Amino acid sequence: MVDEKVTAVGPVRVHTISTDKYKTNTLVWKMKAPLAKETVTLRALLPYVLQSGTVDYPSVKALRTYLDELYGATLNVDLTKKGEDHIMTVRIDVANERFLPEQTPLLEKALQLLADLLFRPALEGGRFVEDIVAREKRALSQRIQAVYDDKMRYASMRLVQEMCKGEPYALSPNGELGDVDAITAEQLYRYYEQALAEDELDLYVIGDVDEETVLAAVKRRFSLPDRPQPARAPLAPAKARGEVNEVIERQDVKQGKLNIGYRTNVTYEDDDYYALQLFNGIFGGFSHSKLFINVREKASLAYYAASRLESHKGLLLVMSGIEPANYEKARRIIDEQMQAMKNGDFTDEEMAQTKAVIRNQLLETLDTPRGLVEVLYHNVVSTRKRPLDEWLAGTDGVMREDVVRVAEKVALDTVYFLTGMEGATEDGKTGV
Amino acid sequence: MEKRVYETLQEALFYEKMDNGLDVYILPKKGFHKTYATFTTNYGSVDNQFVPLGKSEMKRVPDGIAHFLEHKLFEKEDGDVFQQFSKQGASANAFTTFTRTAYLFSSTDNVEKNLETLMDFVQTPYFSDKTVEKEKGIIGQEIRMYDDNPDWRVYFGAIESMYHHHPVKIDIAGTIESIAEITKELLYECYETFYHPSNMLLFVVGPVDEQKMMQQIRDNQAKKSFPQAPEVKRFVYEEPSGVAEKKKVIPMHVQTNKCFVGIKAPSVPNAGGQKLRHELAFHVLLDYLFGKSSPHYERLYREGLIDDTFMYDYTEEREFGFALVGGDTRDAERLAAEVQEVLRSFSADAVQKDELERVKKKKMGAFLRALNSPEYIANQFTRYAFYGASLFDILPALSSLALDDIAAVADSCFRDSQIAVCEVVPKGQ
């Protein structure tokens with residue numbers, strides 16, 4: 001289904017996926033290390049500093065001018081977490097010159113640029129450029145603060161903070177505001193050297209490419225000393241909770257955000273993984289799911305009411321936006337849907353429907369270079385390897401008793417409600 | 001069926017006009033799993049005054065009704081069309097813009113069935129008093145969600161500042177008060193006026209057999225009957241060319257300031273290649289001034305006035321066009337002043353030829369990248385088609401874009417009378 005070839009070039013796992021369906025070629029570089037309080041902010045800053053200049057193009061302007069010359073190659077970076085790993089990603093996407101009037105070897109140049117960004121950053125006095133670091137610290141602070149102004153993201157972040165207090169997973173991949181100021185150019189450079197020496201490294205090359213050519217080019221430009229395989233960070237054990245943790249927070253908002261966290265006690269590594277996907281699909285993952293039908297369509301309480309999984313950490317997260325006065329009502333309906341799942345109160349039709357939609361979603365994801373990499377990268381993050389055709393067969397093979405078994409393992413952990421200042425009892429203005 | 005080949009892009013597009021006036025386009029994409037189809041009407045939030053089908057008087061309808069209609073079309077007597085699509089493994093959705101309402105699905109399986117479902121559900125309205133009332137709660141929450149979203153507020157605030165009368169200044173979803181006035185009778189009236197096949201376009205992109213698919217569409221349309229429809233008469237708003245108010249400040253419970261500078265085009269070409277060219281010239285000009293490789297970007301970033309939320313974009317629809325420049329900032333007033341200074345001091349004579357060429361190159365690469373996306377192709381092709389231009393003419397239009405085109409845009413738009421500012425600031429500041 002996807003022709004992924006993996007070859008180790010020193011410590012770098014090079015994944016080439018050869019396909020002629022895109023008009024561009026894509027490079028995705030990933031660096032993985034355990035999520036930890038001590039390094040989270042350094043890691044959040046590092047890729048932004050790296051994308052600000054190289055030895056040959058020592059400023060943002062010079063670098064971006066060069067990217068424009070390469071027919072508007074795009075360069076972007078981001079930070080994510082998967083389970084308790086913190087992942088830095090650098091992506092370069094470049095036009096396939098086949099479609100252009102001029103036959104510049106754009107992929108070669110993009111590979112060279114990626115290598116330069118990683119191994120030949122702009123430096124002064126043996127460390128990162130002071131000015132660049134200062135600017136990127138300011139931008140990072142603004143990025144961390146921005147989440148407070150986006151109430152949907154804010155509520156999701158707060159739920160996870162409350163739910164996973166004391167576990168690494170409570171950390172935001174964008175780092176901690178309080179730690180930004182103290183970072184120095186020198187300290188960041190030392191961390192950069194450490195990350196290059198210790199992180200797990202993966203490079204994906206997707207497009208109209210020849211594997212041998214790519215490997216030769218990578219060998220020329222990405223030669224790093226070998227390193228011991230890092231020990232896998234064990235998942236922090238979830239604290240046993242006697243009772244459900246309920247957190248209510250008030251702000252000057254018109255819409256309440258009701259976010260609910262459950263421990264699924266099933267992860268990507270487990271046999272029940274596919275059943276968990278089915279469970280989430282029937283419960284809240286799609287527009288035919290119980291949450292959408294009952295919270296939105298039947299009770300008219302919300303515009304969005306959905307759930308998603310963090311499969312590597314074993315969390316099920318529900319999110320909805322409701323009138324503050326409807327808190328109890330919405331909670332009750334969500335609880336009822338969870339109970340219905342545990343009781344096996346779903347039809348064979350819902351099973352079939354959800355399987356069809358999951359299959360569709362997976363195949364669609366494979367149609368974009370970015371989606372493709374994200375799917376394949378699961379196999380790097382987890383010790384359990386799941387080839388793509390197994391995803392389809394695995395989903396297909398799930399029986400209703402499997403879903404019920406998973407449902408029984410799902411435990412309510414934390415309820416988080418962001419609501420207005422007026423008090424949750426006041427009558428909402430919206431007629432329902 | 002007509003075949004249009006685009007050699008450089010290595011794409012072939014198939015077109016046919018159905019007997020009932022519906023325009024159908026199919027773009028086969030081998031190698032993809034997904035088929036993406038949009039069924040779009042040339043009707044959006046700005047169409048709030050028109051002569052209903054079969055009537056002669058101009059009528060004003062409640063704000064937000066096009067979007068409300070979009071929601072309601074999914075519900076049928078025997079349930080919800082989402083259910084039907086998901087049984088067939090598809091994901092379905094819809095969206096309403098200022099000038100369009102689009103219904104869509106994407107699926108990797110059962111494409112024929114899903115296409116049939118798409119055509120049939122859009123062409124079989126069913127509205128009842130009960131379901132109309134129920135939808136008011138859901139859309140009420142959608143409106144509330146946007147009320148709390150500072151990015152949306154600053155975006156719309158800037159548009160409100162620019163326009164005196166034109167309904168582009170009205171939120172696409174309307175208000176809780178305006179949607180309260182919506183009835184099933186009004187929905188039917190809007191539906192019958194704007195959802196006539198002659199006002200619609202169907203676009204399919206994916207690994208499909210164009211012959212079989214076109215035949216399926218012909219058969220489907222032949223089964224249905226529609227009255228003769230004259231061209232829709234829309235109200236023509238008398239919009240002054242300059243902005244309505246210079247500055248708007250919205251205090252909100254936020255930590256970061258947000259600022260957009262709006263640039264209102266005093267007029268825009270109404271159709272065809274001229275319109276495409278005008279739009280591209282505006283995009284290239286903005287990129288030249290504010291792109292990451294521009295001196296202005298570097299300076300503003302270095303001074304901490306912008307961060308990675310900084311954006312610039314130009315929107316052009318039927319009879320209006322406006323640009324927005326801005327993002328999160330620690331000092332909204334200074335950012336607004338700086339951006340305005342960049343516009344004010346622009347001189348076409350000082351434009352470096354090679355820099356302009358570089359921006360054009362960048363735009364070409366971006367266009368190729370966008371063609372990886374079936375969503376982009378279908379949505380943008382439809383937008384261009386509704387004003388008589390073609391998405392696939394972008395590359396040649398970009399190549400031939402000259403300094404004169406850019407100078408003309410700057411000359412008409414970079415004037416104090418065309419500029420408005422909107423800021424979102426922390427409450428109490």
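Confirm whether B:V342 is assigned to a helix (DSSP H, G or I), among the β-branched types (V, I, T) and within 14 Å of another protein chain (Cβ to nearest Cβ). Answer is no for this residue.
Answer yes or no as to whether B:D404 is surrounded by fewer than 16 Cβ atoms within 10 Å (Cβ to Cβ), in a helix (DSSP H, G or I), charged (D, E, K, R) and within 14 Å of another protein chain (Cβ to nearest Cβ). Judged against the criteria, B:D404 is not a match.
In the condition set (1) more than 25 Å from the chain's Cα centre (by Cα); (2) in a helix (DSSP H, G or I); (3) of a type outside the set (D, E); (4) surrounded by 21 or more Cβ atoms within 10 Å (Cβ to Cβ), B:S293 is compliant with all but (2).
Within region A:314-355, the set of residues being away from every other protein chain (no Cβ under 14 Å), in a helix (DSSP H, G or I) and small (G, A, S) comprises just one member, A:A340. Of the helices (runs of 4 or more DSSP H) that lie entirely inside region A:85-177, those containing 3 or more residues that are free of Cβ contacts under 8 Å to residues at least 40 places away in the same chain span A:130-146, A:151-163. Number of residues in region A:63-84 that are in contact with an Asp or Glu (Cβ under 8 Å, 6 or more places away or on another chain) and either without any contact (Cβ under 8 Å) to a residue 24 or more places away in the chain or β-branched (V, I, T) (or both): the value is 1.
Given the criterion away from every other protein chain (no Cβ under 14 Å), of a type in the set (S, T, Y), touching a Leu at 6+ places or on another chain (Cβ under 6 Å) and more than 24 Å from B:K247 (Cα to Cα), identify the matching residue among B:Y312, B:Y384. Being away from every other protein chain (no Cβ under 14 Å), of a type in the set (S, T, Y), touching a Leu at 6+ places or on another chain (Cβ under 6 Å) and more than 24 Å from B:K247 (Cα to Cα) holds for just one of B:Y312, B:Y384, which is B:Y384.
Determine whether A:P369 is facing chain B (nearest Cβ under 10 Å) and under 26 Å from A:T24 (Cα atoms). Yes; evaluated as a whole, the condition is true for this residue.
Among (1) in contact (Cβ under 8 Å) with a residue 24 or more places away in the chain; (2) closer than 28 Å to B:Q49 by Cβ, which single condition is B:N114 missing? B:N114 satisfies all of (1) in contact (Cβ under 8 Å) with a residue 24 or more places away in the chain; (2) closer than 28 Å to B:Q49 by Cβ except (2).
Yes or no: A:S311 buried (at least 22 other Cβ atoms within 10 Å of the Cβ), within 13 Å of chain B (Cβ to nearest Cβ) and in contact (Cβ under 8 Å) with a residue 12 or more places away in the chain? Spelling it out, it is not the case that A:S311 is buried (at least 22 other Cβ atoms within 10 Å of the Cβ), within 13 Å of chain B (Cβ to nearest Cβ) and in contact (Cβ under 8 Å) with a residue 12 or more places away in the chain. Of all the criteria given as (1) among the polar types (S, T, N, Q); (2) within 11 Å of another protein chain (Cβ to nearest Cβ); (3) buried (at least 22 other Cβ atoms within 10 Å of the Cβ), the one not satisfied by B:T131 is (3). Under the condition of being at the interface with chain A (Cβ under 8 Å from one of its Cβ atoms), part of a helix (DSSP H, G or I) and either over 20 Å from the mean Cα position of the chain (by Cα) or touching a residue at least 40 places away in the same chain (Cβ under 8 Å) (or both), the residues counted in region B:134-161 number 13. Consider region A:270-308. How many of its residues are out of contact with any strand residue (DSSP E or B) (no Cβ under 7 Å at 6 or more places or on another chain) and either free of Cβ contacts under 8 Å to residues at least 24 places away in the same chain or part of a loop (DSSP other than H, G, I, E, B) (or both)? Result for region A:270-308: 11. If the condition is being touching a strand residue (DSSP E or B) at 6+ places or on another chain (Cβ under 6 Å) and of a type outside the set (S, T, N, Q), then region B:119-154 contributes B:V122, B:Y126, B:I138, B:E142, B:M145, B:P150, B:R153, B:V154. When region A:67-84 is filtered for residues that are part of a helix (DSSP H, G or I) and in contact with a strand residue (DSSP E or B) (Cβ under 9 Å, 6 or more places away or on another chain), only A:L67 remains. Only one of A:L75, A:L46 is at pLDDT 95 or above and more than 14 Å from chain B (Cβ to nearest Cβ); which? Of the residues listed, the single one that is at pLDDT 95 or above and more than 14 Å from chain B (Cβ to nearest Cβ) is A:L46. When A:S52 is tested against (1) within 9 Å of chain B (Cβ to nearest Cβ); (2) polar (S, T, N, Q); (3) within 27 Å of A:V180 (Cα to Cα), just one condition goes unmet, and that condition is (1). Any residue that is away from chain A (no Cβ under 14 Å) and either in contact (Cβ under 8 Å) with a residue 60 or more places away in the chain or closer than 21 Å to B:V268 by Cα (or both) - is there at least one of those in region B:351-374? So far as region B:351-374 goes, yes, one or more of its residues are away from chain A (no Cβ under 14 Å) and either in contact (Cβ under 8 Å) with a residue 60 or more places away in the chain or closer than 21 Å to B:V268 by Cα (or both).
What's the total number of residues in region A:368-388 that are of a type outside the set (K, R) and not in a helix (DSSP H, G or I)? Here the count works out to 4. Note on region B:96-113: residues that are within 11 Å of another protein chain (Cβ to nearest Cβ), surrounded by fewer than 22 Cβ atoms within 10 Å (Cβ to Cβ) and of a type outside the set (D, E, K, R) total 1.
The values are calculated or read from the model by the stated rules, or taken from the named source; none is laboratory data. Just so we're clear, the structure is a prediction, and the values are computed from it rather than from any experiment. Cβ sites come from the backbone with ideal geometry, for glycine too, and all protein chains shown count toward neighbours.
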